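Data block below; observations after.
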Amino acid sequence: MARQIPWDTEAFGFSVAQIETLEVVDPSSASDDYRKFQDWLDAREIKIASCRLPHDRLRESMFLESKGFRFIEMVLHPKIEKLQSLDFSPDNLIAIPALENDLPALREIAEHAFSHERYHIDPRLDPRLGDARYGQWVVNTLSHPRQRLLKVMEGDRIAALFIVESKENQSVYWHLTAIAPQWQGRGYGWRVWRMMLRHHQAEGQDGVMTTISARNVAVLNLYVKLGFRFLQPEMTFHWVREGG
Ligand SMILES: CC(C)(COP(=O)(O)OP(=O)(O)OC[C@H]1O[C@@H](n2cnc3c(N)ncnc32)[C@H](O)[C@@H]1OP(=O)(O)O)[C@@H](O)C(=O)NCCC(=O)NCCS
């Protein structure tokens, strides 16, 4: 099953789709189904299609690769639980909801902070697509029904941005997290992440989960240092229309 992805389609200015579920039971009927999927890609003029699979679905990953999809990344899911029992020392950083007039500065951070993510790393794609995607995400969040855009302030300077969403069982999902480019590698990651955990603790939340690219060694080490555990990884694949 696949669907068109409205936010990437909007950010890129051409159609982008995602395979939602994939199971190869019988190779020949899978190839028949794939032909229908290809017709659907053509009919909608899809230029990029992606698929994320659990790490052990090698039958499916090999099938996708036989059809022109390419492996892009492994993603990891860091998770921390029992936040209420943890102790975080206070800091002068604060996280507050972003307002309309914060958008230009936050968009600028989102457009320049990321480099390890799938749209930045796929050599067939212009990395500016990745920049546009994260910038647009920040802008869209202000009107999103569930995602919240937070700015992390040190005095009157924006040090970082977080897009967060409350989930069931007093847990929070972090969608997008970034230190402003000029503040990276100076100890802010450690301080900001701890402050955010304390922030959610004060809200009464008890767990945090997120998704990172396995090649983002800096953030991987940060999560290890903070005491996060890792859930089962997933693999991401891209199909890019030739000549498109
Ligand atoms: C990744 C990121 C959060 C790290 O924050 P930072 O302020 O640059 O990192 P800090 O200086 O606070 O370092 C904190 C820890 O992160 C890890 N780390 C930071 N930079 C690292 C690097 N280049 N290589 C390996 N580990 C690194 C280390 O464990 C470090 O602690 P240590 O120095 O005691 O070992 C930040 O650089 C960032 O926002 N990057 C861009 C966006 C991004 O990747 N977001 C996160 C996932 S989508």
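By the rule of a C-alpha distance below 21 Å, with chain neighbours fewer than 8 residues away ignored, the lysines paired with residue 151 are 167.
Pairing the Cα long axis of helix 217-226 with the longest principal axis of the chain, what angle in degrees results, from 0 to 90 and rounded to the nearest 10? Approximately 50 degrees, to the nearest 10.
If you look at the Cα atoms of the stretch 4-114, you get an Rg and a Dmax of 20.5, 61 Å.
Quick check: residue separation of residue 31 and residue 168 times 0.36 nm, minus the Cα distance between them. What number comes out in nm?
45.5 nm
Candidates 214, 202, 114 compared by Cα position along the dipole of the stretch 79-230: farthest toward the positive end lies 214, with charges placed on Cβ.
Evaluating 6.51 cos²θ - 1.76 cosθ + 1.60 at θ = phi - 60° for every residue in the stretch 157-164, the Karplus couplings come out as 9, 7, 9, 6, 10, 9, 10, 10 Hz, glycine and proline recorded as x.
Ranked by the mean number of other Cβ atoms within 10 Å of their residues, highest first, the peptides 16-27, 146-157 come out as 146-157, 16-27. Comparing the chain with the 2.2 N^0.38 Å rule of thumb, its C-alpha radius of gyration ratio is 1.08 (two decimals). Overall shape: oblate for the stretch 116-204, with the ratio a/c of the largest to smallest alpha carbon gyration tensor axis at 1.5 or above and b/c at least equal to a/b.
Taking the Cβ-Cβ separation of residue 203 and residue 139 as r and a Förster radius of 35 Å, what is the calculated FRET efficiency to the nearest 0.05? After rounding to 0.05, the efficiency reads 0.90.
Since every read-out is calculated from the coordinates, none of them should be taken as a lab result. On a predicted model such as this, the values are computed, not experimentally measured, just so you know. Backbone-built Cβ (ideal geometry, glycine too); neighbour counts: all protein chains shown.
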